[in-house]
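**Q** I am attaching a structure below and will ask some questions about it afterwards.
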Amino acid sequence: MNVLEKIEATRQKKPLHFTLIDPDRQKPEEAAELAAQAEEWGSDAIMVGGSQAANIMFLDETVEKIKQRCRLPVILFPSSHSALTGKADALFFMSLLNSRSPRFIIEEQMAGAVVVAQNGLEPLSMAYLIVESGATTSAAWVGDVKPIPRDKPAFAVGYALAAKFFGMRFIYLEAGSGAKDTVPEEMVAAVKKALNDSSLKAGGSEAGKVYVIVGGGIRDAATAQAKIRAGADIIVTGTIAEESRERLKEIIKAVKG
Ligand code: 1GP
């Protein structure tokens, strides 16, 4: 089973939780210890990446150590074509659709595609959308983004449908790491509803369901649950593991029900 098949099979039963680890923020051994703990608590995958250009040496070693201690799929979450390593299982092959710079929409992807192919990394096609979250986050600043206004879910719907029609399998509604305000539930619900609208099924096919990922600023179980109720298929948390491991455990429990 490849990583996408595992995600699809798990989602048929329950929503998923992904643990995001930024290789710049702790030693590789500590990252591996966190991954092992997240696996024990029921998280479904480890994402590795961060907005600042990750030191490739740290990235490589971090993924290697995580793979030694944890059986979960390791999915790269790259900020550029240089943040790639063949030691991971898969990567989010992502386009930051609401960037103002072609670099983050298609140029980094053009530069990285051959590396992905040569390393046999499984590409998980994803539309990355950054939503206003009360303050400028690193992802928004680094990605030269025009953030989606919190009270304009229709803009998120437009991007999400465009991504679906391009054949992308994941829509990531991102408030940004450490965000003050999380992605509004109304926006998650509007995107989910549009993606499920049967009159909009491209080619009339059931294949190619699109999964909604929500992350950024989620620090407690109630917030995670609210996003799931609104329609999120996958919840991503990163920062909370640095603040409180107990909270991380509670969030995973809440997502997995
Ligand atoms: C950032 O959505 C992720 O890309 C996770 O955000 O660090 O705030 O959990 P947090």
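The values are calculated or read from the model by the stated rules, or taken from the named source; none is laboratory data. What you are looking at is a predicted structure, and each value in this text was computed from that prediction instead of being measured. Cβ placement follows ideal geometry from the backbone for every residue including glycine, while neighbour counts extend to all protein chains displayed. Accessible surface areas use protein heavy atoms only, side chains included; no ligands, DNA or RNA. Shrake-Rupley method; radii C 1.70, N 1.55, O 1.52, S 1.80 Å.
**Q** Share of the chain's accessible area from carbon and sulfur, percent, 1.4 Å? Spell out each step's value before the answer.
**A** Values: 6120 of 11560 Å².
In the chain, the share of accessible area belonging to carbon and sulfur is 53 percent.
**Q** Here is a further query. Would you please put 57-69, 120-132 in order of how densely packed they are, using the mean number of other Cβ atoms within 10 angstrom per residue and starting with the highest?
**A** Those peptides, ordered most packed to least, come out 120-132, 57-69.
**Q** Can you work out ³J(HN,Hα) from phi for every residue in the stretch 60-65, in order, using Karplus 6.51 cos²θ - 1.76 cosθ + 1.60 and θ = phi - 60°, giving whole Hz and x for Gly and Pro?
**A** 4, 5, 4, 5, 4, 5
**Q** Arrange the peptides 151-163, 107-119, 83-95 so that the one whose residues have, on average, the most other Cβ atoms within 10 Å appears first. Could the numbers behind the result be given before it?
**A** Numbers: 151-163: 18.2, 107-119: 14.6, 83-95: 21.5.
Those peptides, ordered most packed to least, come out 83-95, 151-163, 107-119.
**Q** Which entries of 152/180; 6/146; 87/180; 164/249 have Cα-Cα distances beyond 29 Å here?
**A** On the way: 152/180 18 Å; 6/146 33 Å; 87/180 33 Å; 164/249 32 Å.
Result: 6/146; 87/180; 164/249 exceed 29 Å.
**Q** Now, a different point. List the aspartates and glutamates whose Cα sits under 14 Å from the Cα of residue 253, skipping any in the same chain fewer than 8 residues away.
**A** Within the straight-line limit of under 14 Å, residue 253 reaches these aspartates and glutamates: 39, 40, 44, 220.
**Q** Also, I was wondering about something else. Compute from the Cα atoms of the chain the Rg and the Dmax, the latter being the longest Cα-Cα distance, and quote both in angstrom.
**A** Gyration radius and largest Cα-Cα distance of the chain: 16.7, 49 Å.
**Q** Ordered by residue, what ³J(HN,Hα) values in Hz, to whole numbers, does the stretch 6-13 give under the Karplus form 6.51 cos²θ - 1.76 cosθ + 1.60, where θ = phi - 60° and Gly and Pro are x?
**A** 5, 4, 4, 5, 5, 5, 4, 9
**Q** Per residue, how many Å² of accessible area does the stretch 151-257 show with a 1.4 Å probe? The partial results should precede the final answer.
**A** Numbers: 4710 Å² over 107 residues.
Result: 44 Å² per residue.
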